[in-house]
Each structure stands twice: as structure tokens, then as C-alpha cells.
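Encoded as C-alpha cells, the structure appears first; notes follow it.
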Amino acid sequence: MKFLRRISLVSLLIALALIAAGCASAQSETETVVFNQEQITPTRLEIQPGTTVIWMNDDTVPHTVTAGARQEPSGLFDFELVPGGEFEFTFDEQGVYEYYCRYHPETAEIIVTE
Ligand SMILES: [Cu+2]
């Protein structure tokens, strides 16, 4: 009986560890994009749905994170990043999300895979 109790305790611990691991992998991830020297790094970022992208401005001038193409903004987001500023957006839906800076020629894209 004592032996059985020990086995069930071990299996309970294993089950808890598996649940914890499952939660960790299901947790939303973050990716960072940096503006520096009037350039966006990376210009092309592939992410899974649910990922939060954080844009950081490491420059001495303001930039914008404006969704869409320069001639055709999508309106999804349009954020001014002051020097040292941050903006984050979570991408839940699959697709290709272009964005650009309204002040400079920078363009980049986020690809949300299946
Ligand atoms: Cu810019």
C-alpha cells in the first residue's frame, strides 16, 4: 500500500511537471525589433500567432511604426516612437503585415505563420 502511494505521488509529480511544461510552451512569446541609425532590424520577422512584437527606438530621432504600405496605411497601428521609446503589438492572425516609418524611408514586415 505504501509502495502504491509512492507510485501515485511520483505520477502526480510527473503530471504536474508536464502541465507546467505545457503552460510554458503555450505562453505568448515576444520578439524585439530595433530602430537604429534610421534602420529597422530585422526588416523581416517571422512569428507564430499570439506573439507580441516590441519595437524599440535606439536612435536619437523619433520614428513611427505605421502599419501598411506608405501609399496605403492599413490603420492597424500607427505609433510614434520617441528616442528610447517602446511600442508593442500582439499579432493573433496569420498574414503578412507590412509597416513603415512616416519620417524616413524605413520599411519592414512581420510574417505571422500558421
Ligand atoms: Cu524613421
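What follows draws every value from the coordinates through simple rules; no lab data is involved. Note that the coordinates shown come from a computational prediction; the quantities given were computed from them, not determined experimentally. So basically every Cβ, Gly included, is an ideal-geometry build from the backbone, and we count neighbours across all protein chains shown.
For a modelled paramagnetic label at Ile111, 7 Å from Cα along Cα-to-Cβ, the residues of the range 27-57 in reach, with backbone nitrogen under 14 Å, are 43-49. Stretched out straight at 0.36 nm per residue, the stretch from Glu80 to Glu38 would grow longer than its current Cα-Cα span by 13.7 nm.
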